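Chemist: Pasting a structure here, questions to come.
The values are calculated or read from the model by the stated rules, or taken from the named source; none is laboratory data. Note that the coordinates shown come from a computational prediction; the quantities given were computed from them, not determined experimentally. Counting neighbours? That spans all protein chains shown, and the Cβs are built from the backbone with ideal geometry, glycine included. Please note that ligands, DNA and RNA were not included when accessible areas were found on the heavy atoms of the full protein model with its side chains. Shrake-Rupley method; radii C 1.70, N 1.55, O 1.52, S 1.80 Å.
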Amino acid sequence: RFLKRFQYILKNSDCVVVSNRALQKIASAFNSKVLILPTPVDTEKLTPKAAASNNGSVTVGWIGSPPTTRYITPLSETLGLLIKKYPFLKIELVGAASLPGADRHIAIKKWSINNEVSDLQNFDIGIMPLDEDEWSAGKGGYKLLQYMAVGIPCVASSVGINKDIVGEGLTGFLVKSQDEWAERLSMLIENSQLRYKMGAEGR
């Protein structure tokens with residue numbers, strides 16, 4: 001019943017607004033007028049932090065919700081190895097559920113609207129892992145736009161709209177394997193100038 005109702009709404013709309021090309025393809029089967037409008041973020045609220053901290057630490061961050069923690073789970077081992085390689089590294093997962101087998105240095109923080117901006121500004125690198133499937137291809141890349149708005153580089157799975165948002169080697173990196181996750185994150189962890197350059201370009 002839901003599918004028939006969904007198709008009926010698409011067919012009888014004057015215009016269908018979607019956030020990416022994958023959804024445009026689906027909607028276009030039922031309506032000739034489909035507009036792509038990427039998910040917007042408020043760049044007056046989401047701004048770079050005033051100044052970089054001088055405590056010597058680097059924070060890799062992710063923001064999401066408990067159900068989307070499943071995208072982080074495959075990265076647990078890689079993140080653990082990076083923590084051992086870089087004692088100054090911090091991992092912060094905002095809005096995540098508990099992570100099976102996670103290193104004790106991985107901090108899981110509860111999401112709140114009041115802390116969202118400061119949590120994002122606390123990141124030095126933002127990550128967006130995804131599965132390579134139809135559901136992931138339909139996502140809008142919202143967290144990548146949040147990361148860019150606060151002036152930090154992104155490392156993301158080379159899936160769906162991520163490939164349109166992330167400028168490879170310019171605003172961040174697109175990755176396809178655990179080895180690439182480790183390699184690209186290591187590059188950014190070790191190079192503060194690269195982080196700043198990519199973050200500024202993303203902003």
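Chemist: Evaluate E = 1/(1 + (r/R0)^6) for residue 43 and residue 17, where r is the Cβ-Cβ distance and R0 equals 22 Å; express this FRET efficiency to the nearest 0.05.
Modeler: Step by step, r from the Cβ atoms, then E = 0.60.
Chemist: May I pose another question? Leaving out ligands and nucleic acids, and using a 1.4 Å probe, what accessible area per residue does region 1-150 come to in Å²?
Modeler: 59
Chemist: Taking 0.36 nm per residue of sequence separation and subtracting the Cα-Cα distance, how much length would be gained by fully extending the chain between residue 109 and residue 6, in nm to one decimal?
Modeler: Taking 0.36 nm per residue and subtracting the Cα distance, the gain is 33.5 nm.
Chemist: Hey, another quick one. Under a 10 Å cutoff between Cα atoms, tell me which one of 37, 99, 130 has the largest fluctuation in the Gaussian network model of the chain.
Modeler: 37
Chemist: Can you tell me, using C-alpha contacts under 8 Å and at least 6 residues apart, the relative contact order of the chain as a whole percent?
Modeler: Averaging sequence separation for qualifying contacts and normalising by length gives 19 percent for the chain.
Chemist: I would also like to ask the following. Helix 178-190 versus the longest principal axis of the chain: what angle, 0 to 90°, nearest 10, using Cα atoms?
Modeler: For 178-190 against the chain, the angle is about 50 degrees.
Chemist: OK, next. Pop out the carbon and sulfur fraction of the accessible area of the chain as a percent, whole number, probe 1.4 Å.
Modeler: 53
Chemist: Using bins 5 angstrom wide from zero, how does P(r) for the chain break down, in % of all Cα pairs?
Modeler: 1, 7, 15, 18, 19, 15, 9, 6, 4, 3, 1, 0
Chemist: Putting +1 on Lys and Arg Cβ atoms and -1 on Asp and Glu Cβ atoms, find which of 177, 165, 149 reaches farthest to the positive end of the dipole of region 147-195.
Modeler: Farthest along the dipole direction, towards plus: 149.
Chemist: Here's another thing I want to ask about it. Please provide three numbers in whole Å: the alpha-carbon extents of region 91-203 along the principal axes, with the largest listed first.
Modeler: Rounded to whole Å, the extents work out to 34, 31, 27 Å.
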